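Here's the structure we're looking at; comments come further down.
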Amino acid sequence: QVQLVESGGDSVQAGGSLALSCAASGTIFSIRDMGWYRQAPGKQRELVAMVGSGGNTTYGDSVKGRFAVSRDNAKNTVSLQMNNLKPEDTAVYYCTANDVISRPHRYLEAWGRGTRVTVES
C-alpha cells in the first residue's frame with residue numbers, strides 16, 4: 001500500500017521561507033507526477049506545483065517565481081521550497097502523486113494527509 005507523508009509545515013512571518021517535504025512509501029516502481037496542492041479555509045483545493053518524472057514542472061499562478069518544486073525519483077520524494085511567503089499562502093498543503101506503479105496495486109492518484117502552513121502578517 002502506498003502512503004504519502006508530508007513534513008515541514010509551520011507558522012512563519014510574511015516574507016519568510018519554508019520548505020515542505022513529502023515521502024512516498026511502499027513497494028513503488030515508478031511515479032509519473034508528484035507535487036503539491038493546497039486548501040485554505042473556505043476555499044477549494046488548488047494547484048501549487050507539480051513535477052514530472054522527467055523534471056518538467058507546473059506552477060499555480062499565485063506561486064510562480066516564489067515557490068520551487070523538486071523531486072528525487074530514486075527516493076520517491078518531492079520537496080517544495082516556498083520563499084517570500086504571504087498571508088494568502090496560509091493553507092493545508094497536500095502532497096499528491098499520479099500514476100503510481102507499485103505492488104500489489106497501481107494507483108491513479110494518491111494523497112497525503114496534509115501539513116499546515118500559516119503565514120502571519
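The values are calculated or read from the model by the stated rules, or taken from the named source; none is laboratory data. If you're wondering where the values come from, they're calculated on a predicted model, not measured in any experiment. Using ideal geometry, Cβ is built from the backbone for each residue, glycine included, and neighbour counts are taken over all protein chains shown. These area figures cover heavy atoms from the full protein model, side chains too; ligands, DNA and RNA do not enter into them. Shrake-Rupley method; radii C 1.70, N 1.55, O 1.52, S 1.80 Å.
Go over the candidates SER21, SER79, SER30 one by one and state the one that is under 16 Å from ARG113 (Cα atoms), touching a residue at least 60 places away in the same chain (Cβ under 8 Å), hydroxyl-bearing (Ser, Thr, Tyr) and assigned to a strand (DSSP E or B). Criteria check complete, one pass: SER79. Look at (1) in contact with a Lys or Arg (Cβ under 6 Å, 6 or more places away or on another chain); (2) among the hydrophobic types (A, V, I, L, M, F, W, C); (3) open to solvent by 20 Å² or more (accessible area, probe 1.4 Å) and you find that PHE29 fails only one, number (1).
If you scan the range 44-90, which residues turn out to be within 14 Å of ILE31 (Cβ to Cβ) and aliphatic (A, V, I, L, M)? Matches in the range 44-90: MET50, VAL51, VAL69, ALA74, VAL78.
SER102 meets the stated requirement of being modelled with pLDDT under 95 and part of a strand (DSSP E or B). Looking at the range 5-22, can you tell me whether even one residue there is open to solvent by 20 Å² or more (accessible area, probe 1.4 Å), at pLDDT below 95 and not hydrophobic (A, V, I, L, M, F, W, C)? Among the residues of the range 5-22, not one is open to solvent by 20 Å² or more (accessible area, probe 1.4 Å), at pLDDT below 95 and not hydrophobic (A, V, I, L, M, F, W, C), which makes the answer no.
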